[in-house]
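Accompanying notes for the structure given below.
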Amino acid sequence: MSDERDPSAQAGLPPGEFAARRARVLAALGPDALVVGAGTPVTYARDVEHRFRVDSDFYWLTGLAEPGAVLVLRGGAEQPFTLFVRPREPEREAWTGPRIGPEGAVAGYGADRAYPLGELPLQLPELLDGAERLHFAPWKSAALDQAVQRALGELALKEAQGRRAPGAIVLPAELLHELRLVKSAGELAALRRAAELTAQGVAAGIARVAPGRREAQVQAAVEAAFLEHGASGPAFPTIVAAGAHACCLHYSDNRGAIGAGELVLIDAGAECALYNGDISRTVPADGRFAPAQRAVYEIVLEAEQAAIAAVRPGATLQAVHDAALAVLVRGLVELGLLSGPLELLLETRAYRSFFMHRTSHWLGVDVHDVGRTHAGGAPRPLVPGMVFTVEPGLYLAPGAEGVPPEFAGLGIRLEDDVAVTADGAEVLTRGVPIAPDAVAALVGTEGP
Ligand code: MG
């Protein structure tokens, strides 16, 4: 396979990255089989579709993002990797773009065998015959569910002829998501790139913030910078939340106006070869923090720094969360929003109406990436190569009990992406300032 036809090269990953992943999965599969579908486009309105986003497991295993495709891996087989793809149809391709076809699946994506999708019902029983277990996530695609069900039924019917259906179906998460959780050197490079693009976009958004502008104009600046610098688009709906909109965690309506004296929360991510960044910054609309805003900002910033300082191999996401929480709760007491002994406030979760989410989520091909956070009922130890966000916040909703007027409507979240290294953390998102004066100085520097 030449380099330019290796999907790893297309994704900016080292040559053979996807083949190496499949080799690890095949080793873990043993006598089992794995079936994963690429998914199909989702309707936006009537006959218009959303931009196709391939299933993350399918992409992680193949580097291929073609609608409808199906992968079968068979542990222990001489030709373990089979792909089913849409057949070449020049007339259809004139409307919807080129398809790789079965030949392209072999030549460009390293499949041992590839068939037109229509042959799935015919070939699947053969491919699953004799596997101990089938790793398969049902309920994602009715068509694929039906193909698997029929294949298993056919094998069961032919047991007298020596066929054998897999004895159990298990969710592929257990095997695949454990492997996806710890990133390879190539994946870390892809995540650094996504983080860098995200930082450029968020910085461009901050530069567009000014009283009188609309949230959507800031969103446009963020997303234009993503595309300008090579991202494939936003990883998730960009959040630009002025004033009290920031107290809604996933606000992405972005149709409000930015008022003088308000804070603006931007939470955005660039998608780059399907790896994602995720950054939040909160900035003063007119480039100057009011004293109450600054007081809350500094607490959230200290919480973020304490959480990042807690990242190292052997620590846990729970410990990272606890580090942020201790600072936030102490800060809420200092501001007069909570009162009582720290231990008790933590134990009773008295802070919950001001900080209602966790500090971290895994980051990778999915923005909220896969992999268990607990093992054996306890938070699992971090290991080098795990990548996650650190994103404490304080949300002092207007009308919330015990919130004095100067704090009412403030929503502040600060979020960076970190990778666990051999002895600590690498912050991937240094490209956009976070210190209050530095980030305030960037506000409004772009355009009329
Ligand atoms: Mg975020």
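Calculate for the chain the 222 nm mean residue ellipticity that helices alone would give, adding -39,500 (n - 2.57) per DSSP H run of length 4 or more and normalising by residue count, nearest 500 deg cm²/dmol. Could you put the intermediate results ahead of the total?
On the way: 14 runs with 157 residues, N = 448.
Value at 222 nm, helices only, nearest 500: -10500 deg cm²/dmol.
If you average 1/r over every pair of different alpha-carbon atoms in the stretch 182-442 and take one over that average, what Kirkwood value in Å do you get? Present the calculation step by step, with values, prior to reporting the outcome.
Working: mean 1/r = 0.0545 Å⁻¹.
Computed over the stretch 182-442, the radius equals 18.3 Å.
Along its principal axes, what span do the Cα atoms of the chain show, with the longest given first and each in whole Å?
So the three principal-axis extents are 78, 51, 40 Å.
Using Cβ counts within 10 Å as a stand-in for footprinting exposure, how do HIS357, HIS50, HIS245 rank, fewest first? Working shown, then result.
Numbers: HIS357 13, HIS50 10, HIS245 23.
By the 10 Å Cβ count, ascending: HIS50, HIS357, HIS245.
Would you please name the trypsin sites (Lys or Arg not before Pro) within the stretch 309-357 that are DSSP coil residues with at most 10 other C-beta atoms within 10 Å of their C-beta? Please report the intermediate quantities before stating the final value.
Values: sites: ARG330, ARG349, ARG352; in loops: ARG349, ARG352.
Passing sites in the stretch 309-357 are ARG352.
Placing +1 at every Lys and Arg Cβ and -1 at every Asp and Glu Cβ, with all other atoms neutral, what dipole size does the stretch 34-123 have around its Cα centre, in debye to the nearest 20? Walk me through the numbers before you get to the answer.
Numbers: 9 positive and 12 negative charges, 28 e Å.
That gives the stretch 34-123 a dipole magnitude of about 140 debye.
With +1 on each Lys and Arg Cβ and -1 on each Asp and Glu Cβ, how big is the dipole of the chain about its Cα centre, in debye rounded to the nearest 20?
Details: 39 positive and 55 negative charges, 84 e Å.
With only Lys, Arg, Asp and Glu charged at Cβ, the dipole is about 400 debye.
Assuming a ≥ b ≥ c are the square roots of the Cα gyration tensor eigenvalues, decide whether the stretch 373-441 counts as rounded (a/c under 1.5), prolate (otherwise, with a/b larger than b/c) or oblate. Write out the running numbers ahead of the final one.
Details: a/c = 4.68, a/b = 1.52, b/c = 3.07.
Oblate is the answer for the stretch 373-441, as a/c is 1.5 or above yet b/c matches or exceeds a/b.
Quick check: Cα centre of the stretch 208-255 to Cα centre of the stretch 127-145, how many Å?
Centre-to-centre distance over Cα atoms comes out at 40 Å.
Looking at the stretch 383-438, which GluC sites (Glu not before Pro) are DSSP coil and have at most 10 other C-beta atoms within 10 Å of their C-beta? Present the calculation step by step, with values, prior to reporting the outcome.
Details: sites: GLU401, GLU406, GLU415, GLU426; in loops: GLU401, GLU406.
Within the stretch 383-438, the qualifying GluC sites (Glu not before Pro) (loop, at most 10 other Cβ atoms within 10 Å) are GLU401.
List the trypsin sites (Lys or Arg not before Pro) in the stretch 1-103 that DSSP assigns to loop (not H, G, I, E or B) and whose Cβ has at most 12 other Cβ atoms within 10 Å. Which are they? Could you put the intermediate results ahead of the total?
Working: sites: ARG5, ARG21, ARG22, ARG24, ARG46, ARG51, ARG53, ARG74, ARG88, ARG92, ARG99; in loops: ARG46, ARG51, ARG53, ARG88, ARG99.
Filter output for the stretch 1-103: ARG46, ARG51.
When only alpha-carbon atoms are used, what values of Rg and Dmax, in angstrom, describe the stretch 23-115?
For the stretch 23-115, the Cα radius of gyration and maximum Cα-Cα distance read 14.5, 45 Å.
Given the peptides 280-289, 116-125, arrange them by the average over their residues of other C-beta atoms within 10 Å, most packed first. The partial results should precede the final answer.
Numbers: 280-289: 22.4, 116-125: 16.4.
So the peptides 280-289, 116-125, ranked by packing, come out 280-289, 116-125.
Bear in mind these aren't lab numbers, they're just calculated from the coordinates by the rules spelled out. In this text the structure is predicted, and so the values were computed from the model without any measurement. In this analysis, Cβ positions are derived from the backbone assuming ideal geometry, glycine residues included, and neighbour counts consider all displayed protein chains.
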